Amino acid sequence: MGISDVIPVPVAIDEELEKWTIFGQPVADVWFTTTEKIHQIIEMGPIKNIFNWGRKNSVYFLMQPMGCCGVEMFVFGAAPYDSDRFGCIPRNTPRQTDVMIMSGYITRKYLPVFKNLWEQMPEPKWCIAIGECAISGGPFYDSYNIIQNTADYFPIDVFIPGCPPRPEQFLEGLMQLQEKIKQRKDKRGYY
Amino acid sequence: MTTASEVLSSLQSAFPGAIKDPRVESDARLWATVDPKRIYDVCKYLTDKLNFDHYSGSAGVDWIANNEMEVVEIMASHGAHPVVAMLKVRTPRDNPSIKSLTGLYWNADWYEREIWEMFGINFENHSGLYPLLLSDELMGVWPWRKDFKGYPDLTTGQRAVALPTANGYTEFRIPPTPAEIEAGTVPKERPKYPSFREREEAEIKSDSEMIMHLGPQHAMVPGPFLLDILVEGERVRKGFLDVGYIHKGIEKIMENRTWLQGITYTDRMCYVASLSNNECYCGAVEKILGLEVPERAQYIRVIVEELSRIQSHLIGTGEFLTLIAGVGYAPWQYMIIDREHVISLIESVTGARLTHSFVRFGGVRNDLPDDFAEKCKITLPYIKSRINEFIELFAQDPIYDLRMKDVGVLPAETAKEVGIAGPALRASGVSYDMRVEDPILVYPDLDFKVITGTKGDCADRIDVRLREILESIYIIEQCLDRIPSGPIKPEAKVPKKVPAGEAYYRVEDPRGEMGMYVISDGGDKPYRVKVRGPFYATLQTLPPLLEGVYVADVVAIAGSMDGCPSEADR
Ligand code: SF4
């Protein structure tokens, strides 16, 4: 497919353009490319560091309290602990978020909903498990309704133990995640 | 004033032979076993003749040794007298079935559905026995029965798997393991009923109606629940609730923990009001043990519980303001900043921010720190000035007025009938507060008012909450003035085993009347703990309250109830 199929340009320019390259690839390929292609191209150059720097500093999290730890998440996102300082702002819809904070127990009934929320989040995305419940079932380890293998479903980058962890621990966990993103050691990021 | 023994004699004369093993525990508690055939009539008599107009819940108990199931109906009155009647109905264990009380009390619906799904007790004449808290795959397992197989060995370490469905989606469920199938945990036959989705879709009558989902994920409610509304244009025609998204089975787990370990689970029931839950459980156990709480410990308990009420109301109001203001987080930030001051006060006493486990059987864990009174002298006036500021702000704001006044009005009569609890009930003008009705600790010596509203609209509910904070501050100030020195724990060691017995204890949770019904069989673990949560009662009233309102008011009404779904789900 040439550019002139999409945008009305003189045929001569179209032919000219097809000879151009960027990072060793034909421009036309790059022009009509998929997100995946863009990712590949970005990965080739030092620009990925800039991308990661940007991502690390704008990790919006999903306000999604689902347990006692959720109340601490409220406080973490509000003025007293002020996660905004680290570019971590609470959002109400999964479509605007980068980080899923798993803030409590996942029950049989909630797992499909939770998975759904996770899948609605745009890539790249990260997951933080907060509290004993999200990590391993916590005090409810023998309940008939709590699932314990959360790590099988979600690529959890940071585990924050505690019941509930203090908001300061939330901040520490967030900074760990940022460090991981920066060093490209996170499970879910691309670059 | 009516007392328990008067109620009993009146019942015995009206229903000769139907009342067995009566026990008058005190002026305010009556225990009796009622003939299953007469339970409906007995309750009707209590309601019509003896002012028992508050159906406070019911509890299922599995007496496996006697091969019997029991349902305990908890009946009280909205302020006419302080008697709580605990009426037990027994039914054989194979094929258990008793009469439903839904014809008498509107709010019996959820309590009976819960007992049905947990114990498998059938309720005759109940119009819709659908699961409430459990997911479909657990139906028919009857998890709260004592012979629920596989608990706790097989339920520990449950692993969910993803299974593709026929229509291309993926399902996540916990499949039965071979061990479970062998142990017989998986029921061979399951009850049949239409699913939640089918039930709500059956209500769609015309093309102009549609269903809107609110939830299960809410940004500003501390826990998930699903509120579906059937809308026709701008109006809500019907509301549907699906709860149980964070049902943890606390009542079952507590049966498998020692008495002391149980305290930590009460923390996690409603984590915004953990101290009241601690108090409720410990109070019930103290009643069975016959423990006296030293006076200093009583004062300390009152102080921390009132502090806990302040922080709970602050977070509740903040959530509500965020819900109605949409994008603006400003009021929320202010309330959370103020709440942090209270939290740090509580933390200086209990050592924890949310999950305190501070109240112990017969006392408290530790004494107040030395500088506590001074800290209070700084913090409390500050909170007071802030609350006055908020009240003034809301009174002046014309937009708040438009949005809140005459929205979600709940008249006093209806409020009593539907069994709504706490500030939402008091906003309708019903003066019903456990601190006055069923006084515990040193509350009778303290001077405080029960705050009531007039109309019962959203503005009233918020106003009642804010003024209750001022009242709590007043209570704490009195306590700090009067607190005596002395021990904070009982002198003798609290025994590990609690003698056989039962008790029902009520406290005023920030969300309303919370009751715990604790049964001991003489062992080192509870035989049964039943929690009657206030938000459970309040949540149930949401769908009728939403009928006919504008879509935009739905969040305002639901938010003004100050939700804590975790306590409803337990
Ligand atoms: S880890 Fe503890 S505080 Fe957090 S959700 Fe679980 S029980 Fe609640």
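The values are calculated or read from the model by the stated rules, or taken from the named source; none is laboratory data. Keep in mind it's a predicted model, so treat the numbers as computed, not measured. Cβ: placed from backbone, ideal geometry, glycine included. Neighbour counts: every protein chain shown.
Of note:
- Some residue of region A:154-172 being under 30 Å from B:K146 (Cβ atoms) and more than 12 Å from the ligand (Cβ to nearest atom): no
- Matching residues in region B:303-348 - criterion: being of a type in the set (V, I, T), closer than 23 Å to B:G563 by Cα and under 23 Å from the mean Cα position of the chain (by Cα): B:V304, B:I310, B:I315, B:T317, B:I343, B:I346
- Filtering region B:230-250 for residues that are small (G, A, S), surrounded by fewer than 18 Cβ atoms within 10 Å (Cβ to Cβ), in contact with a Pro (Cβ under 8 Å, 6 or more places away or on another chain) and within 14 Å of chain A (Cβ to nearest Cβ) leaves an empty set.
- Selection within region A:96-118 - within 10 Å of chain B (Cβ to nearest Cβ) and more than 22 Å from B:D136 (Cβ to Cβ): A:S103, A:G104
- Of all the criteria given as (1) more than 13 Å from every other protein chain (Cβ to nearest Cβ); (2) under 18 Å from A:Q64 (Cβ atoms); (3) within 16 Å of the ligand (Cβ to nearest atom), the one not satisfied by A:T150 is (1).
- Scan of region B:542-565 for residues that are buried (at least 21 other Cβ atoms within 10 Å of the Cβ), in contact with a Leu (Cβ under 8 Å, 6 or more places away or on another chain) and not aliphatic (A, V, I, L, M), ordered by number: B:G559, B:G563, B:P565
- Filtered by the rule that a residue be touching a Gly at 6+ places or on another chain (Cβ under 6 Å) and of a type in the set (V, I, T), region B:483-515 gives B:I488, B:V494.
- Those residues of region B:257-268 which are in contact (Cβ under 8 Å) with a residue 12 or more places away in the chain, more than 7 Å from every other protein chain (Cβ to nearest Cβ) and either more than 20 Å from B:V304 (Cα to Cα) or assigned to a loop (DSSP other than H, G, I, E, B) (or both), in sequence order: B:R257, B:T258, B:W259, B:L260
- A residue that is crowded, with 24+ Cβ neighbours inside 10 Å, more than 16 Å from the ligand (Cβ to nearest atom) and either at pLDDT 85 or above or in the same structural domain as A:E168 (by TED's automatic domain parsing) (or both) cannot be found anywhere in region A:42-59.
Listed here are the residues, each with its yes/no results for (1) crowded, with 21+ Cβ neighbours inside 10 Å; (2) part of a strand (DSSP E or B).
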site	(1), (2)
B:V72	yes, yes
B:M75	yes, yes
B:H78	no, no
B:H81	no, no
B:Y105	yes, no
B:D109	no, no
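- Restricting the first member to region A:130-147 and to residues that are more than 10 Å from the ligand (Cβ to nearest atom), and the second to residues that are of a type in the set (D, E, K, R), the beta-carbon pairs closer than 8 Å and six or more apart or on different chains are A:S143/B:K248; A:S143/B:K252; A:Y144/B:K252; A:N145/A:R108; A:N145/A:K109; A:N145/B:K248; A:I147/A:R108; A:I147/B:R159.
- Qualifying residue in region B:487-505 (condition: more than 26 Å from A:S103 (Cα to Cα), in contact (Cβ under 8 Å) with a residue 60 or more places away in the chain and within 15 Å of the chain's Cα centre (by Cα)): yes
- Tally of residues being touching a helix residue (DSSP H, G or I) at 6+ places or on another chain (Cβ under 7 Å), of a type in the set (F, W, Y) and within 14 Å of chain A (Cβ to nearest Cβ) across region B:292-348: 3
Yes/no matrix, rows are residues, columns are (1) of a type in the set (S, T, N, Q); (2) in a loop (DSSP other than H, G, I, E, B); (3) modelled with pLDDT under 85; (4) out of contact with any Gly (no Cβ under 9 Å at 6 or more places or on another chain):
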position: B:Q217; (1), (2), (3), (4): yes, yes, yes, yes
position: B:V221; (1), (2), (3), (4): no, yes, yes, no
position: B:L241; (1), (2), (3), (4): no, no, no, yes
position: B:H247; (1), (2), (3), (4): no, yes, no, yes
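- Which listed residue, of B:L410, B:L393, is within 21 Å of the chain's Cα centre (by Cα) and more than 19 Å from B:R506 (Cβ to Cβ): B:L410
- Residue selected from region B:212-228 under the condition closer than 21 Å to B:C564 by Cβ and among the aliphatic types (A, V, I, L, M), by the criterion surrounded by the most Cβ atoms within 10 Å (Cβ to Cβ): B:V221
- Given (1) within 8 Å of chain B (Cβ to nearest Cβ); (2) within 21 Å of A:N52 (Cα to Cα); (3) surrounded by fewer than 18 Cβ atoms within 10 Å (Cβ to Cβ), number of the condition A:P122 does not satisfy: (1)
- For region A:63-95, taking the residues that are assigned to a loop (DSSP other than H, G, I, E, B), away from the ligand (no atom under 16 Å from the Cβ) and polar (S, T, N, Q), the one that is farthest from the other protein chains (Cβ to nearest Cβ) is identified as A:T93.
- Single condition B:Y432 does not satisfy, out of (1) free of Cβ contacts under 8 Å to residues at least 60 places away in the same chain; (2) buried (at least 22 other Cβ atoms within 10 Å of the Cβ); (3) of a type in the set (F, W, Y): (1)
- Looking across region A:144-168 at every residue that is of a type in the set (D, E) and over 22 Å from B:S135 (Cβ atoms), the one that is surrounded by the fewest Cβ atoms within 10 Å (Cβ to Cβ) is identified as A:E168.
- Single unsatisfied condition, B:A537 versus (1) free of Cβ contacts under 8 Å to residues at least 40 places away in the same chain; (2) surrounded by 24 or more Cβ atoms within 10 Å (Cβ to Cβ): (1)
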